[in-house]
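Heads up, the thing below is written out as structure tokens.
The values are calculated or read from the model by the stated rules, or taken from the named source; none is laboratory data. Note that the coordinates shown come from a computational prediction; the quantities given were computed from them, not determined experimentally. Because the Cβ atoms are built from the backbone with ideal geometry, glycine has one as well, and the counts that use them run over all protein chains shown.
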Amino acid sequence: MQSLWCHVTAATLALAGVPLRPRPWWHWAVGGLLLGGLVLLGSWWLRRKVVESQPRAPAYALPQPASPFAVLQLLRRMEADGIFRANDSQRTELNAEILRLETHYFGRSQNGNGELDLTGVGRRWVERAN
């Protein structure tokens, strides 16, 4: 009588929608991985849309007023930053420009005699970098 009662109870529970045994753990793992992947994909997609809508700010700006100190500081920052992606010839030209300005404005022989176009020098390098 006991075994008949167990079968009747089990059949009644099964018909009522109550699970008779626990679900395997891998169902939960697969569901969690799919849900996590959807969340990551959605966040990447939303972030990509936000980044594209923002205008890109220029990396460098021409200092105002264009003094020898300000332009040299700008060129030195370009030389040291990883933002200004220059090939070897551009780096060599940038170093030569820095040396030329330093020699012209701070060297013993010229000491700033004869004006250089600091605004033009700064603008040329800012346009190259941006």
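Residues that are modelled with pLDDT of 90 or more, touching a helix residue (DSSP H, G or I) at 6+ places or on another chain (Cβ under 6 Å) and either part of a loop (DSSP other than H, G, I, E, B) or under 15 Å from Arg128 (Cα atoms) (or both): does region 54-71 have at least one?
Checked region 54-71: at least one residue is modelled with pLDDT of 90 or more, touching a helix residue (DSSP H, G or I) at 6+ places or on another chain (Cβ under 6 Å) and either part of a loop (DSSP other than H, G, I, E, B) or under 15 Å from Arg128 (Cα atoms) (or both).
Being of a type outside the set (Asp, Glu), surrounded by 14 or more Cβ atoms within 10 Å (Cβ to Cβ), over 28 Å from the mean Cα position of the chain (by Cα) and not in a loop (DSSP other than H, G, I, E, B) is the filter here; which residues of region 79-130 pass it?
Residues satisfying the conditions are Ile98, Leu101, His104, Tyr105, Leu118, Thr119, Val121.
Before we move on, is Val18 at pLDDT below 80, farther than 30 Å from Asn95 by Cα, β-branched (Val, Ile, Thr) and assigned to a loop (DSSP other than H, G, I, E, B)?
So Val18 fits the description; yes.
Identify all residues within region 61-77 that are closer than 10 Å to Gly122 by Cβ and either buried (at least 16 other Cβ atoms within 10 Å of the Cβ) or among the aromatic types (Phe, Trp, Tyr) (or both); write none if there are none.
Leu62, Pro63, Ala66, Val71, Leu72, Leu74, Leu75
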